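Laboratory data are not the source of any read-out in this text; all were calculated from the coordinates shown. The structure presented is a predicted model; accordingly, all values stated were derived computationally and were not measured. Note that each Cβ is placed from the backbone with ideal geometry, even for glycine, and that neighbours are counted across all protein chains shown.
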Amino acid sequence: MRGFRELNPAVIAVYYLCVIGTAMFIMHPVIITLSLVGAVTLYITIDKKRKAGLHISFFLLFLILAVINPIWYHNGVTVLFVVNDSPITLEALLYGVFAAAMIISVLYRFRTFSMIMTADKLMYIFGKLSPKISLILSMALRYIPLMRKQTEKVRSTQKALGIYRGDNIADTLKGEIRIFSIMATWSLENGIITADSMEARGYGAQRRTSFSLFRLKVSDAVFLVLCLIPTAIVITAAVMGETDMTYYPALSAVTASPPALASYISYGILSFLPSILEWKEVLRWKYLISKI
């Protein structure tokens, strides 16, 4: 089987839908913990730049979200301490911790999703659903870096001509307003040119054909099965009530029945499956290098 990033974009999208949807709607400590650890592991695996700032910012956000709940909500029977006649309960604290962990895990998942799903992959997915949405999305994704690059060109030109001065706030503000006016004019002209070019090329005159480098392969089908079966097991256990967790007014015990254990193992496989595929490819590459 190929690496996770090399799979068909539609299969990758289905995986993220399964792993994120399950974590968002099942507030179980074991599921949330597996989701967070799996999301962080995948991000560390595919992040080549090793950005520590993201982990620090997410950790600070986790602390803020975890502390907000026990400060504002005082439900629960286990009082840890009292602040200004407001009880801080264990139940509210744990609910805040796991709710914050769920949010952070989803943020990590979306972060890895943005790193894996390039513009071509998004166009492939949306092109099957709606060609018009695919066209708008591809133009927007192309236009954002193009506009940023053009803005830097205009700013550099203004500085070279001595028009843009950053000596004080007033001069900087005037320079940015001038650049904004130039970019607004450039955007309108570029839109007109694009429309004329599309009309000259016969866009909309007849049914369009499309070309894509992505094809469904056997490895995609195998990964899809490995993704859907654990998801079905977790959903079945949730419908049976095996993954229910009560935080208020008192904490309920974590269920250890066979269906619950099966759901924990299944979600663990689902959460760590992309990382396992990526590690497999890394080990395979190192093995092939050693044979040279």
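Working note: Karplus 6.51/-1.76/1.60 with θ = phi - 60° gives the range 144-160 the couplings 4, x, 5, 5, 5, 5, 5, 4, 5, 5, 5, 5, 5, 5, 5, 5, 5 Hz, where Gly and Pro are set to x. Where does helix 90-116 land angle-wise versus the long Cα axis of the chain, in degrees 0 to 90, nearest 10? Orientation of helix 90-116: about 40 degrees from the principal axis.
Taking a straight Cα-Cα cut-off under 14 Å and skipping sequence neighbours fewer than 8 places away in the same chain, the aspartates and glutamates within cross-link reach of residue 121 are 6.
Between residue 80 and 88, 89, 90, the built amide H atoms are under 5 Å apart, and every one of these is 5 or more places off in sequence or on another chain. As I understand it, the value is the acute angle between the Cα axis of helix 218-239 and the longest principal axis of the Cα atoms of the chain; what does it come to in degrees, rounded to 10? The helix 218-239 is inclined about 50 degrees to the chain.
Could you tell me how far the Cα centroid of the range 146-184 sits from the Cα centroid of the range 85-103, in Å? So the two Cα centres are separated by 48 Å. Angle of helix 52-72 to the longest C-alpha principal axis of the chain, folded into 0 to 90 degrees and rounded to 10: 50°. Taking springs between alpha-carbon atoms closer than 10 angstrom, which of 15, 267, 73 fluctuates most in the Gaussian network model of the chain? Top of the fluctuation ranking is 73. The slack in the chain from residue 107 to residue 228, taken as 0.36 nm per residue of separation less the alpha-carbon distance, amounts to 41.4 nm. Note on residue 198 and residue 82: their simple-model spin labels are 6.7 nm apart, each label 7 Å out from Cα toward Cβ. Report the local net charge at residue 111: Lys and Arg +1, Asp and Glu -1, summed over other residues whose C-beta lies under 11 Å from its C-beta. Value of the local net charge: +1. Here residue 140 and residue 49 are evaluated by their C-beta separation; at R0 = 30 Å the FRET efficiency comes out at 0.75.
Per-residue 3J(HN,Hα) values for the range 180-191, derived from phi via the Karplus relation 6.51 cos²θ - 1.76 cosθ + 1.60 with θ = phi - 60°, read 4, 5, 5, 5, 5, 5, 5, 5, 5, 5, 5, x Hz in sequence order (x marks Gly and Pro). Could you compute the net charge surrounding residue 150? Neighbours are other residues with a C-beta less than 13 Å from the C-beta of residue 150; K and R count +1, D and E count -1. Residues close to residue 150 contribute a combined charge of +3. Of all stretches in the chain that contain no trypsin sites (Lys or Arg not before Pro) in a DSSP loop with at most 13 other Cβ atoms within 10 Å, the longest one is 52-164. Counting 0.36 nm for each residue step from residue 185 to residue 221 and taking away their Cα separation leaves a gain of 8.1 nm. Of all lysines in the structure, those lying under 29 Å Cα to Cα from residue 159, and not within fewer than 8 positions of it along the same chain, are 149, 174. Helical content of the chain, expressed as a calculated mean residue ellipticity at 222 nm, amounts to -25500 deg cm²/dmol (DSSP H runs of 4 or more residues, -39,500 (n - 2.57) each, divided by residue number, nearest 500). State log₁₀ I(q)/I(0) for the chain at q = 0.15, 0.16 Å⁻¹ as given by the Debye formula over alpha-carbon point scatterers of equal weight, solvent excluded. Here the Debye-derived log intensity ratios amount to -1.17, -1.23.
Here the Karplus relation 6.51 cos²θ - 1.76 cosθ + 1.60, evaluated at θ = phi - 60°, turns the backbone of the range 76-86 into coupling constants of x, 9, 9, 8, 7, 7, 10, 10, 6, 6, 10 Hz, with x for every Gly and Pro.
Taking other Cβ atoms within 10 Å as a rough exposure proxy, 231, 246 sort from fewest to most as 246, 231. In units of the rule-of-thumb radius 2.2 N^0.38 Å, the range 131-200 shows an alpha carbon radius of gyration of 1.39.
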